[in-house]
Every structure is written in structure tokens, then in C-alpha cells.
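To keep things clear, I will list the structure first and then write my remarks on it.
What follows is calculated from the coordinates using simple rules that are stated; it is not laboratory data. Note that the coordinates shown come from a computational prediction; the quantities given were computed from them, not determined experimentally. Counting neighbours? That spans all protein chains shown, and the Cβs are built from the backbone with ideal geometry, glycine included.
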Amino acid sequence: MQNMRDIQRRIGSVKNTQKITRAMKMVAAAKLKNAQDRAEDARPFFNKTVEVLRGVFTRTKETAHPLLAEREGGRHLVIVITGDRGLCGAYNHKVIDLAEEIVEEEEEVSLMVLGRKARDYFRRRGTDIMAEYVQLDDYPGYGFANNIADEIIHHFEAEDVNKVSMVYTHFNSAISQSVKTMQLLPVEKFAEEAEKTDETEQIEAETAAEEEGSKKYVDYIFEPSPAEVFDNILPQYLINVIYSALLESKASEFGARMTAMDSATENANEMIDKLTLKYNRARQAEITKEITEIVGGAEALK
């Protein structure tokens, strides 16, 4: 059995660790509020961009554009968004696991890693990393998303890659985050297969039911031309998608870290209670031993 001094040292160590986890939880909670607000504010902008893009696709007969070109085979570029730091539960591991599945399934895969955790993991395994960005801001800027979009557009148009996808974490709530993958290029396939929320589907179904039979399909006349409209819409769409994913990932990271630090604080409480009970038992055993020795010595003097 450990002596009382060792147990006291362990209790002190756990209490010090508990102070750190409690502080980290408070910091993550403060950052989560700001990140969550930014992510939620960006969603309507992103959804409207998708709506406009779908409308252009629907009403345009010819949609020939470099960013819509479907190519067979070739290299697949995967953008992987993780955090630069740990202590956030399974947040980083889930993203890395999904990205690793893509790497194992396909023959030619290159990565663009955003975050030190993904960079270090895939570098150790010798995976081809085309570009890396570490030490990301807690609140990513729109300009950073613009730079990422320009880079992937350059590689796609130069035919360095034939497909671009992104793996990120979608923020549902402080205790719930889901890892998702989406295709960025070519754009047409993603625009047709973009996910919709239940509320959006319901609204669209009701709108379609109201308009059915009362309105005829109207074709738009594009000025100056559909090609130039796409030249402006498609890059803007990619920037919005990447920017939204960055905000969602950061909010998810802070939510996961807050939850992990809260669990660590609770576990520290339980450990302190167990160590305190263990200390009390050791103390009682020490007292009993001393009493026994005193009684034994007294009996020997008789």
C-alpha cells in the first residue's frame, strides 16, 4: 500500500491538472461562442450561393466550363481540415481516419492539409502532400479561403489533378460534430448532389407543389453570356464552400475541446475522491498500527 505522503502528492498533482482542464474548458467555451456565431452567420450566404448556382445550371442548356470538366482517372486532391492542437477528444482522429480511407481506396491521391495534426500524421506515413497550412487562425478569414480556392482552381485547370474533394467537420452542437466529405471539383456533380436540410427540402417541396400547374418553366437570357456568368459564379461558390467548411471545422474543434476538458475535469474529481478515500484508509491503518505498537509495548513492560 502507498504511504500517505505519496497519496498526498498524487492528490496535489491531480488538483493542479484539474485547474488546467477547467481553465481550458472556459477558454474553449468562450472561443466556441464566437466561432459558432460566425459559422451560423455564414450558412445563409453559402446556401444562397448554392441556390443561385443550381438555378444557373437548371436554366442553361450548355454548361461547358473548365471547372465542370469530368475526367476519368487521374490524381485526386483531398483537402483535409484538422486542428493544430490536440486535447479535443476524437475530433482530429475522425477526420484523419476518413481521409486515410480515401487514400487507401484510390491509387493516385495527393493531400492539401490544413492543420498540424493532419500534416504530422500523413507526413510520417509518406503520403504525398501537395500543400500544407499550419498555425491556422482561430477565426479563419475570407481571404485565406480565397487563396485556397485559387490554388485548387489552378491545379485543376492545369490538369495536375482531375478531382478535388474536402474532408471537414460539420458543427451540429457543442456536443455533436459530424465528419463529412464533399466534392469541390468538378463543380457540377457536387451542385447536383449537395446535401439539403430537412427544412430546406420541405420548403422546396411546398414551393414546387404551389407552382406546379400554375407556372411554366422560364428560361433566362444571360448577359453577357453563360460562360462569363460561370466565370464569376463558380470561383465564388468554391470560396464560399471552403470558407464555410473552415468556420464549421473551427467551431467543431472548440466544441470538442470544451467537451473533452469538461470530461477531464469530472474525471479528476472522481480520481480525487478515490485518492482521498485511499488516503483516509492508509491514515487509519497507520493510526491502528501505532496504537497496536503502543499497547504491545505497554504489555511488554508489565
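Couple of notes before you dig in:
- Here is how the number arises for the chain: DSSP H runs of 4 or more residues each give -39500 (n - 2.57), the sum is divided by the residue count, and the result at 222 nm is -23000 deg cm²/dmol.
- DSSP beta bridge pairing in the stretch 111-195, given as percent antiparallel to the nearest 5: 70 percent
- When the chain is treated as a Gaussian network with alpha carbon springs shorter than 10 Å, the biggest mean-square fluctuation among VAL56, VAL161, VAL229 belongs to VAL229.
- Ranked HIS93, HIS154, criterion: other C-beta atoms within 10 Å, fewest first: HIS154, HIS93
- Highest-MSF residue in the chain out of ILE239, ILE291, ILE153 [GNM, Cα springs under 10 Å]: ILE291
- Matching label, log10 I(q)/I(0) by the Debye sum over Cα atoms at q = 0.10, 0.11, 0.14 Å⁻¹ computed from the structure shown, candidates (1) -0.68, -0.78, -1.08; (2) -0.52, -0.64, -1.09; (3) -0.62, -0.74, -1.09: (1)
- Note on VAL52, VAL78, VAL179: ascending count of other Cβ atoms within 10 Å places them as VAL52, VAL179, VAL78, the fewest first.
- Choice from ALA99, ALA227, ALA35 showing the highest fluctuation, given a GNM over the chain with Cα pairs closer than 10 Å: ALA227
- Long-range HN-HN contacts of SER110 with modeled amide H, under 5 Å: HIS76, LEU77, VAL78
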